[in-house]
Every structure is written in C-alpha cells, then in structure tokens.
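Every number here is computed from the coordinates shown, using simple stated rules; none is lab data. Only a predicted model underlies this, so the values are computations on that prediction, with no experimental measurement involved. Cβ: placed from backbone, ideal geometry, glycine included. Neighbour counts: every protein chain shown.
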Amino acid sequence: MKRETSLYLDLVRFTASLMVFLDHVGSGVISGGFLWRFMGLGSPAVIVFFVLSGWVIAYVVDRGESTPKDYFVARAARIYSVALPAIALVLVLDAVGGTFRPDLYARLEATNPNPGHPFLSIILSAFFLNAIWNVALAPGTDGPYWSLGYECPYYLMAGLALFLSGRTRVVAIALTGLLVGPHVLSLFPIWLLGFGCYRLTGKKPIPFRYGSAMFAASTIMLAVLVAGIVLRKIGMMPPIGGHGPKDVLVDYGIGLLVAVHLVGASAISQSWGWIRLVARPIRWLAGATFSLYLFHLPILIFINAVLPLRQDSWTFRLILVAGTLALVFLLAELTERRKAGWRQLFDRLASPAAAMRT
C-alpha cells in the first residue's frame, strides 16, 4: 500500500470517528442540541468503519499476519486495548454521574432498546456477543459499543475462512453465523466489500483517469446521501438511513460508494503531495480513532451530569466538547497507543509452552 493511500485511510477513519462524536454532541439530551445540524452523521460513519475494516484486514493478512496466531493476537490486542478500558470507564462514570443526575441517566436508560440488563450487557459486551440475534446491548451509556458486536464476528469469520480449509472451514463459518444471527450477518457483505476491494487494487492497478472519476463521483454521491440522512435525522426529510431491516439497502449504498471512493483514492493518491506534508498530525490523530469512538459518549454524559452550568451557556458547551476531546486523547495515550503491551500479553496467552516457563 502506498504511503499516501495509508495516510488517506487514516484520515478517513479519524473523520468517521469524529462524525460519530459530532452526532452525539448534537443530541438535545447531551448538549441542548447546539450542534443539532450534525445529528445523523453517526450511522453512515459506522458503515465507513466496516468497509475500512475489511480493507485493512485484507492488507495486514497480505503483508504479514499469515498465521492464525499472528492474526488473532493482533485483533485481540487492537480491540481489547480499548474495549476493556471502555467497559471499566463506563461503569465508573455511570455510577458517579448517576449520583449527580439520576434523572439524566434514567432518561437515557429509557431509550435503551433492551433496558434492565446491566450485568448481562457487560458480560456479552466483553465477548462481543452484544448484538447476536435479537440482542441489542451496550455496556452502560456506551452506545457506540454496539458495532463491536458486528465487527468482531467479522474478524472471526474472516480468520476462519483464511486459515481453515475444506469442510472444517464451511462448518466453522456456518456455526459462527448461526451463533451471531441475521442482524450481524446482514452487514457482513459490506465488510467483505472492503476486503475484496483491497484485493482488487492489489491485483491490477486502476488507471489514473478512472481512479479520478471514481473518486470524484463517489465523493459527490456520498455527500448527497449523507446530507439526506442528516436532514432526515433533524426532521427536514422523510426517513432514510439507520440500521433496521428497512435500512439495509441504504447501508449497502453507502458501503458501495465508500468502497468505490477508496479504490479511486488508492489509484490517484500518489499525486497528493500535500498529504505527505501533514503525515505526522494525521498519524497522531488516527492513533486515537478507536478511543474517540468508544470513550466519548460516556464522557459527554458524565460532564453533562456533573457540570453545574446551563446547557445553553457557551462555557458549558466549550467544556463539554473540549473537555471530552482532551480526556479522549489522554485515555488514548494510556490505551490505544499501548497496543504493543497488549500484544505481548495475548501473544503469551496464545503460547501455552512459553506461559508455563514463566
């Protein structure tokens, strides 16, 4: 993968995480709705993550994670370095914040599709089974965690497909699909689209003129579609978008456009001299993408609960946004940017003989 393409993927994934953040800041419950125009950005952003995830997995397998151990250790370190701290964080913040504003947390709990299962949500979330069949759980107020119940089974099924063969592979994938159920499987083709598009770009380079056309057309169409979803969310258009059965076609449309966009970008990125000039800040921001995605909502709600200011105060708004981002980047330094330590841990757990010697 060209350096310019890698940098652009980092920029896209941080932007997608920022979209989810802005969507939640726009909520009237959390901020009084002062950024209400950004509501609706979260749904398409998650689809961007799924396509990117499939693309990246194809890349890392192609470039080095060629054994089951390497593959699963890398996935475990990447996910658990943020997921477990996120579960611990939300337990603490929700408990403390609830003592300040029990009404706020009760109001948020009322919007939970499966309320009243705090212990079950923690257990299932820790094993990424929080979206199987008709389950729709997240640990506490960490709503964005739902997508890990989709993405982690995709990692598993891709690993089974890559490292098993014959009847064993078919049975293992079928059993995994039976375990997770139709809701998770319904978006798996979008993830596979990213995987396949990386393989496509590796087999035969796309001519620059075609790549330019793909990049430009997909950018315009994505902007129009996302704008429609946002306008629907804020009540200015009929319903479009989401993640229910009626919305799968919209998700697929977004996924297809994102895939075309990435293929186009990979074909023309070598001409982007500008992106090399900002490589360091892009890499730094990208290093906190997962942290921003998983940590921001419980922090936003907690600050709302404990801050003794009116929601329409600009001081409140500044502290809410800047304070959340500051805490997210601080936590990223302690979690996401420390994946090497987590990888060593899982590497030892995956090597029983080495673990016994220690």
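Going by C-beta contacts inside 10 Å, put Lys339, Lys233, Lys203, Lys69 in order with the fewest on the left.
Fewest to most other Cβ atoms nearby, the residues stand as Lys203, Lys69, Lys339, Lys233.
Around Gly202, with a cut-off of 12 angstrom between Cβ atoms, what is the net charge of the other residues, counting Lys and Arg +1 and Asp and Glu -1?
It works out to a net charge of +4.
What does the extension gain come out to for Ala161 and Ile123, with contour length at 0.36 nm per residue minus their alpha carbon separation?
Roughly 11.0 nm would be gained on extension.
Sort His183, His117, His296 by Cβ crowding within 10 Å, fewest neighbours at the top.
Final ranking by Cβ density, sparse to dense: His117, His183, His296.
With the calculation restricted to Cα positions, what are the radius of gyration and Dmax of the stretch 141-272 in angstrom?
Rg and Dmax of the stretch 141-272, Cα atoms, are 17.5, 52 Å.
What area, in nm² and to one decimal, does the C-alpha convex hull of the stretch 251-358 cast on average over all directions?
The directionally averaged projection comes out at 12.7 nm².
Could the peptides 160-169, 40-49, 282-291 be put in order, highest first, of the mean number of other beta-carbon atoms found within 10 Å of their residues?
Averaged packing, sorted descending, gives the order 40-49, 282-291, 160-169.
Just to confirm a number: summing +1 for Lys and Arg and -1 for Asp and Glu over residues other than Ser266 whose beta-carbon lies under 11 angstrom from that of Ser266, what do you get?
Once positives and negatives cancel, what remains is 0.
Measuring from the lowest to the highest alpha carbon on each principal axis, how far does the chain reach, largest first, in angstroms?
Ordered largest first, the chain gives principal extents of 57, 56, 41 Å.
Excluding residues fewer than 8 places away in the same chain, name every one of the lysines whose C-alpha is closer than 28 Å to that of Lys233.
Cross-link targets: Lys246.
Excluding residues on the same chain fewer than 8 positions from Lys204, give the aspartates and glutamates whose Cα lies under 17 Å from its Cα.
Filter leaves Asp62.
Could you calculate the contour length gain from Leu91 to Phe34, that is, 0.36 nm times the residue separation minus the distance between their Cα atoms, to one decimal place in nm?
Here the answer is 17.8 nm.
Could you sort 209-222, 84-97 so that the peptide with the highest average Cβ count within 10 Å comes first and the rest follow in order?
Highest-to-lowest ranking by the protection proxy: 84-97, 209-222.
Can you give me the C-alpha center-to-center distance between the stretch 121-150 and the stretch 262-330, rounded to a whole angstrom?
The stretch 121-150 and the stretch 262-330 have Cα centres spaced 23 Å from each other.
For each of Asp103, Asp62, Asp142, count neighbouring Cβ atoms within 10 Å of the residue's Cβ, then give the residues from fewest to most.
Asp103, Asp62, Asp142
List residues of the stretch 1-32, by number, whose backbone nitrogen lies under 19 Å from a label position 7 Å along Cα→C-beta of Arg63.
What the label zone holds, given the 19 Å backbone N cut-off, is 1-15.
Write down, largest first, the equivalent ellipsoid semi-axes of the stretch 141-206 in whole Å, where each equals the square root of 5 times an eigenvalue of the alpha-carbon gyration tensor.
Equivalent ellipsoid semi-axes, largest first: 23, 19, 9 Å.
Considering the stretch 4-89, what Rg and Dmax in Å follow from its alpha-carbon atoms?
16.2, 50
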